[in-house]
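Report on the following structure.
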Amino acid sequence: MAPADTSKFQLPSYTGVIMGITLVFLALFTYAGPLGYALTATFGGLLLLGYWRQVRWFGWVGLTLGLLLIWLVSRSTLLYDLHSGADFSRYKTWEDQEWLKIILEPLWYGALILAAWAMKPRTASGLMTGLLYAYIGLCALIIVDALSGARLYQVLSAALYKPIRPDLAMVKVSLATYAFVLLYWPLMLAGRDKPTFFKAVALAACVLAPLVTDANAPTLALIVSFAVFWIVRRFPVVGGLSIYKIMATLVGFKILFTPLIIDTIRRLGLGDDVRRILPASWDARLDIWEFAAQKILQKPFLGWGFDSSRHFGKPIPLHPHNMSIQVGLELGYIGLFLLAAVWVLLILRIGRGAPEVREGGFTELRDLTEAGEAVQTDPRPYALAALSAVFVIAQLSFGIWQEWWLALMALVTAIYLMARSASQKD
């Protein structure tokens, strides 16, 4: 994303404090339990709602996301509940409305992102330095606890929640590795001037934590993000086109054609060959995707309705473990097109100002969106690397509407924006 013009925007004096507390909560819940991410992002966003007066910074990305939310509500149970006489005067009726949570979350999360966007370099640098040290410490803690069989987490769970089985405790510990991979690139951008030792430790921890906890998706996301980072820096222009436009096109097609690709694999019987080499968990994912792809093609335009993934029974346990499949299943190709548009516009926004031709004078030492405004490094490859990690995980794990997952994405976005600010010269 291009830097916002904050020169005439006065930050409230408490913004840095609230952001600092938010990051402390982030570090705490990364180990104690990711469900706390929603509380963390909501805490920060609620206290920073005044930043919504800068909503124009979101541009077309925000507008398209708003259209997707409107379509989501229209495919929810709202109209049915109103027609059937649901008693909305009672709290429990509102609590049962999943669509209401999805609509309210952008309110807090958006404010948090806008506040981070407006952060001054000096404040952002201090916050990012603290988070970098916390990140390395957390990685070390996760590795040690995983090697011990998650014994520390079992003790913590028994004290705070309830006793937990060792295997489930290891699963809970492994969830922290998702945050590690997503935070790696923003922290490397912010800590570009830190000693090589710290960067090496952060990378080693980021690699070892998923391996020790047997978390496959974060490992794959890390590999893909490194590949994207290298490609974007090495080949900023391919065939006369900005690499960001190429990446945006590829991601858009991937989102739109995922259901068709999965259904083609099913029809040709290729899934049987693939299953022979897949681990059990990935084999189960393929079964879910093939079933969901068939259902998508039965209602290709409107879908089966928001949150309908939870109501197909055994073939889809809770959700399809794939962002594209879930949105296509629930919101149809109208929703899938809007989702693809959000991702395409986001990538193009990240790459704004990138060179179109090699003769354009590409340099990592200058942000080309603002001629004359020098920065210490080009933040765009870091942003796209982090986004690619989000994309990989979203295509393999978790439900797209899960509160903690949406909150983590918002927190990572805010941290990247602060890291980008911290990378600028005072």
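The values are calculated or read from the model by the stated rules, or taken from the named source; none is laboratory data. These numbers were taken from a predicted model, which means no experiment stands behind them. Using ideal geometry, Cβ is built from the backbone for each residue, glycine included, and neighbour counts are taken over all protein chains shown. All accessible areas refer to the heavy atoms of the entire protein, side chains included, with ligands and DNA or RNA removed. Shrake-Rupley method; radii C 1.70, N 1.55, O 1.52, S 1.80 Å.
Some notes on this structure:
- Farthest positive-ward along segment 198-319 dipole, Cα basis, beta-carbon charges - from Ile255, Pro315, Asn216: Ile255
- Ranked by how many other beta carbons lie within 10 Å on average, peptides 410-417, 212-219 from highest: 410-417, 212-219
- In a DSSP loop and with at most 13 other Cβ atoms within 10 Å, the chymotrypsin sites (Phe, Trp or Tyr not before Pro) in segment 105-196 are Tyr161.
- Amide proton proximity set for Val238, modelled H, under 5 Å, gap of 5+: Ile243
- Only Cα pairs under 8 Å and 6+ residues apart enter the sum, and on that basis the relative contact order of segment 279-338 stands at 40 percent.
- Its Cα centre serving as origin, segment 118-181 has a Cβ charge dipole (Lys and Arg +1, Asp and Glu -1) of approximately 180 debye.
- Going by accessible surface with a 1.4 Å probe and the largest first, Ile21, Ile400 read Ile21, Ile400.
- The overall shape of segment 158-295 is oblate: from the C-alpha gyration tensor, with semi-axes ordered a ≥ b ≥ c, the ratio a/c is 1.5 or greater and a/b is no larger than b/c.
- The value of relative contact order for segment 127-268, using C-alpha pairs under 8 Å at least six residues apart, is 24 percent.
- Across the cross-link table entries Lys120/Lys194; Lys120/Lys199; Lys199/Lys245, which are compared at the Cα atoms, the separations over 26 Å belong to Lys199/Lys245.
- Given +1 at the Cβ of Lys and Arg, -1 at the Cβ of Asp and Glu and no other charges, the dipole of segment 170-297 around its Cα centre is 420 debye to the nearest 20.
- Counting only protein chain heavy atoms and rolling a 1.4 Å probe, the accessible areas of His319, His311 rank, largest first, as His311, His319.
- Protection proxy ranking of 230-241, 40-51 - average other beta-carbon atoms within 10 Å, highest first: 40-51, 230-241
- Rounded, prolate or oblate (a/c below 1.5 giving rounded, otherwise prolate when a/b exceeds b/c) for segment 94-189 by Cα gyration tensor: oblate
- When the surface is traced with a 1.4 Å probe over the full set of protein chains, Phe25 keeps roughly 70 Å² accessible.
- Positive contributions from Lys and Arg (+1) and negative ones from Asp and Glu (-1), summed over other residues with Cβ under 15 Å from the Cβ of Phe226, come out at +3.
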